[in-house]
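A quick write-up on the structure given underneath.
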Amino acid sequence: MTKKKRVLVVDDSAFMRKLITDFLNEHPDLEVIATGRNGKDAIEKVKTLKPDVITLVVEMPMMNGLEALQEIMVVQPTPVVMLSSTTEKGAENTMLAMEYGAVDFIAKPGGAISLNLHDIKDEIIEKVIEASNVNISMMKRMRPQQKRDSIDIKEKLIETSIKTKININKTKNITNKDSVKKFHTKGKFFVMIGTSTGGPRALQEVLTKIPKDIAAPILVVQHMPPGFTKSLADRLDGFCEIHVKEAEDGERLENGTAYIAKGGKHLKIKKLGATYYAHLDDEEPPRVGHRPAVNVLFESASEIRELKYLTVIMTGMGNDGMEGIRTLKEHCETITIAESAETSVVYGMPRAIVDNGLADEIVNLQEIATTIKEIIKI
């Protein structure tokens, strides 16, 4: 028999604790071993019970969820799934939680007491199960970077290798310019990034190392529901030299700017004359469960065949992006970077790229930005 994943449910509402507990206990692979009513209660139970996964809300008395999350990542690093409100403040707190080490979040369809939580029962179960399988060594708290802070890549790589007990020599490390695949000819470049679970922190790691004079627009699909992508973009913009923003329909795509796909809408590239624009589509249905979807962005790009595409697939469940990259490589000059197993929080999306022979470079998260700069010769 498969050992059940042990879950700690933390919420200041007894009603919500009971509802979430009942949902999770219905699944044969999950067992709620305890509940907590505030942050201090959560920390004590994490220390003594050592759960496999925690569900956590932000607003609680005595110690809130953000404070508790930071402490948990120090005393007993554990996968945490946040239950978040879709208010502007809730979205900002959710992005902070991702930064502090939460694996993922779920947008509640109501206020603090969500009477229609049954609507997202399956999502709660799915994300708790996903969280139980993450690479927790990659979810420890990373302090927010200020613009262009230097990072000791070698130390981070050594630490990751030790903690994950994976042979780091399996990963291609970029040590000289000749080791990186290059585009055959010069031209107009686009960088496109796809990611899901663990993506907000991975994006912070990569985008903060990209210089403002990068000779390409950067288009990003992060699997995220409506109401959260603007907070993600605004937060990243404060850390980066490049401009980071939530994509707007019809806006011109400029070099030195990263455009985050808006939650609930597919992001596509459109051409008018000699100019390239963003198009947001909320009519095309979700693809493999996602809108925005990486595949949709890549497929729209494949129709503009004079462009050269550098695609990056980072941490996330599933295989979104795989078919899109296959299409791109059939029609356009495309180079693909896949994040390594060593640094992926969830090695699903990158693995699909690697296993299907679509990855030109496989590198650790900390070296993705360096690889991007080498490939497009910044």
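Do we find a residue being in a helix (DSSP H, G or I) and of a type outside the set (Phe, Trp, Tyr) anywhere in the stretch 214-230? Scanning the stretch 214-230, I find at least one residue that is in a helix (DSSP H, G or I) and of a type outside the set (Phe, Trp, Tyr), so the answer is yes. Looking only at the stretch 126-136, residues that are closer than 17 Å to SER84 by Cβ and touching a residue at least 12 places away in the same chain (Cβ under 8 Å) come to 4 in all. Among the residues of the stretch 363-378, those identified as of a type in the set (Val, Ile, Thr) and touching a helix residue (DSSP H, G or I) at 6+ places or on another chain (Cβ under 6 Å) are VAL363, ILE368.
Which of the residues spanning the stretch 307-336 are among the acidic types (Asp, Glu) and modelled with pLDDT under 95? Selection gives nothing. Cβ separations smaller than 7 Å between residues 6+ apart or across chains give no pair from the stretch 365-378 residues that are farther than 21 Å from THR315 by Cα to residues that are of a type in the set (D, E, K, R) and open to solvent by less than 10 Å² (accessible area, probe 1.4 Å). Total residues in the stretch 289-309 satisfying the condition of being of a type in the set (Val, Ile, Thr) and touching an Asp or Glu at 6+ places or on another chain (Cβ under 8 Å): the figure is 2.
For the stretch 183-208, give me each residue that is in contact with a helix residue (DSSP H, G or I) (Cβ under 8 Å, 6 or more places away or on another chain), part of a loop (DSSP other than H, G, I, E, B) and surrounded by fewer than 23 Cβ atoms within 10 Å (Cβ to Cβ). Correct list: PHE183, THR208. Restricting attention to the stretch 34-74, the residues that are touching a Lys or Arg at 6+ places or on another chain (Cβ under 7 Å) and more than 17 Å from VAL103 (Cβ to Cβ) total 5.
The values are calculated or read from the model by the stated rules, or taken from the named source; none is laboratory data. Just so you know, these numbers come straight off a predicted model, no measurement behind them. Note: ideal-geometry Cβ built from the backbone for every residue, glycine included; neighbour counts use all protein chains shown. With ligands, DNA and RNA removed, areas are computed over all heavy atoms of the protein, side chains included. Shrake-Rupley method; radii C 1.70, N 1.55, O 1.52, S 1.80 Å.
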